[in-house]
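The values are calculated or read from the model by the stated rules, or taken from the named source; none is laboratory data. Quick caveat, the model's predicted, so the values are computed rather than measured. Every residue, glycine among them, receives a Cβ derived from its backbone with ideal geometry; neighbour counts consider all protein chains shown. Remember, those area values only see protein heavy atoms, side chains included, never the ligands or the DNA or RNA. Shrake-Rupley method; radii C 1.70, N 1.55, O 1.52, S 1.80 Å.
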Amino acid sequence: MAEDMERLQSILFDLDGTLTDPKEGITKSVEYALGKFNIAVEHPDLLLPYIGPPLYDSFMEIQGFTAERSAQAVEFYRERYSTLGMFENAVIPGIPELLEELQGRGFDLYVATSKPTVFAEEIIRHYGLDQYFRHVAGSNLDGTRSKKKEVIQHVLDEHQIAAGTAVMIGDREHDIIGARACGVASVGVLIGYGSREELQSAGADYIARNVKDIGDIILHIHEGIVDAQRNR
């Protein structure tokens, strides 16, 4: 584990692929952006790797764009995403019930996403999840604070949270790597777009197969049974 856990109090959730399924909105908006460069996409599922990581990085790494071209692609993406794509989304079944249970048990809940804060806040409000979270933290529109490590650290600093009292929940390696860099325990979830292999290779402390597992693992950590479902 990242470090010995103190009493767990703060739970940080990734957004895309963890709280909501953004497949349609993200893939269609990426397709729209690529279309501006006259790049045709054979099938939207080929764009699934864009879900999770910072978009600017993805356009460079996946598409091979230059820094300037990637920045332009992000702007094109936002043309569609800001008005339509962010609402082509769906809350993952069981998530509202999980959040309500955790809140009722006294945990402090936060969103930590690489998505721009302005979009993340709108999505959380639109789907009625804002009542559960103390803070929705994301990246800035100018591209700063886009790394997951930076977002997680921002939440810790903003709310004076000790790393040993927090856990990060997410579906991609970036969530796990960011948590480890901040000394925060991590739960990799298989309800989104990352594989078990990806999450384990990144060093996830625990693997949750479904939403129920997330709740069970959190309670086990809170009760100090740190090895009960580790990386299973």
> What nm distance separates the two modelled labels at residue 84 and residue 100, each placed 7 Å from Cα along Cα→Cβ?
Replying inline: 3.4 nm
>> Please give me, ordered by residue number, the trypsin sites (Lys or Arg not before Pro) of the range 60-132 that lie in loop per DSSP and have at most 15 other Cβ atoms within 10 Å.
In response: 105
> What angle, in degrees between 0 and 90 and rounded to the nearest 10, separates the Cα long axis of helix 117-126 from the longest principal axis of the Cα atoms of the chain?
Replying inline: 70 degrees
>> Can you show me the helix-derived [θ] at 222 nm for the chain, built from DSSP H runs with n ≥ 4 at -39,500 (n - 2.57) apiece and divided by the number of residues, rounded to the nearest 500.
In response: -12000 deg cm²/dmol
>> Given a 1.4 angstrom probe, I'd like the percentage of the accessible area of the range 95-137 that is carbon and sulfur, rounded to a whole number.
In response: 40 percent
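Looking at the range 2-102, which chymotrypsin sites (Phe, Trp or Tyr not before Pro) are in a loop (DSSP not H, G, I, E or B) and have at most 15 other Cβ atoms within 10 Å?
Passing sites in the range 2-102 are 37.
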> Pairing the Cα long axis of helix 67-81 with the longest principal axis of the chain, what angle in degrees results, from 0 to 90 and rounded to the nearest 10?
Replying inline: 80 degrees
> Given a cut-off of under 8 Å on Cα pairs at least six residues apart, what relative contact order in percent is computed for the range 23-87?
Replying inline: 48 percent
>> Percent of Cα-Cα pairs more than 16 Å apart in the range 23-87, please.
In response: 36 percent
> Toward the positive end of the charge dipole of the range 1-132, about the Cα centre and with charges on Cβ (Lys, Arg +1; Asp, Glu -1), which of 56, 99, 12 goes farthest?
Replying inline: 56
> Any idea of the accessible area per residue across the range 23-87, 1.4 Å probe, to the nearest Å²?
Replying inline: 51 Å²
> Which whole-number percentage describes the relative contact order of the chain, with Cα contacts under 8 Å and a sequence gap of 6 or more?
Replying inline: 25 percent
> What is the dipole size for the range 1-100, taken about its Cα centre, with +1 at each Lys and Arg Cβ and -1 at each Asp and Glu Cβ, in debye to the nearest 20?
Replying inline: 460 debye
> Percent of accessible area on the range 23-87 owned by carbon and sulfur, 1.4 Å probe?
Replying inline: 52 percent
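Evaluate E = 1/(1 + (r/R0)^6) for residue 157 and residue 48, where r is the Cβ-Cβ distance and R0 equals 45 Å; express this FRET efficiency to the nearest 0.05.
The value I calculate is 0.90.
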> Hey, rough spin-label estimate for residue 66 and residue 131, points 7 angstrom out along Cα→Cβ, what's it come to in nanometres?
Replying inline: 5.1 nm
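Which value in Å does the Kirkwood hydrodynamic radius of the range 9-55 take, with 1/r averaged over all unlike C-alpha pairs and then inverted?
After inverting the pairwise mean of 1/r, the radius is 11.8 Å.
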> Taking Cα atoms, how many degrees apart are the long axis of helix 148-158 and the longest axis of the chain, rounded to 10 and kept between 0 and 90?
Replying inline: 50 degrees
> Highest GNM mean-square fluctuation, the chain, Cα pairs closer than 10 Å: which of 21, 213, 45?
Replying inline: 45
>> Checking the cross-link filter: which aspartates and glutamates have an alpha carbon closer than 14 Å to that of residue 23, excluding same-chain neighbours under 8 positions apart?
In response: 31, 45, 88, 171
> For the range 106-232, treating each Cα as an identical point scatterer without solvent, what Debye log10 I(q)/I(0) comes out at q = 0.20 1/Å?
Replying inline: -1.23
>> From the gyration tensor of the Cα coordinates in the range 1-139, what semi-axes in whole Å does the equivalent ellipsoid have, largest first, with each one equal to sqrt(5λ)?
In response: 31, 16, 12
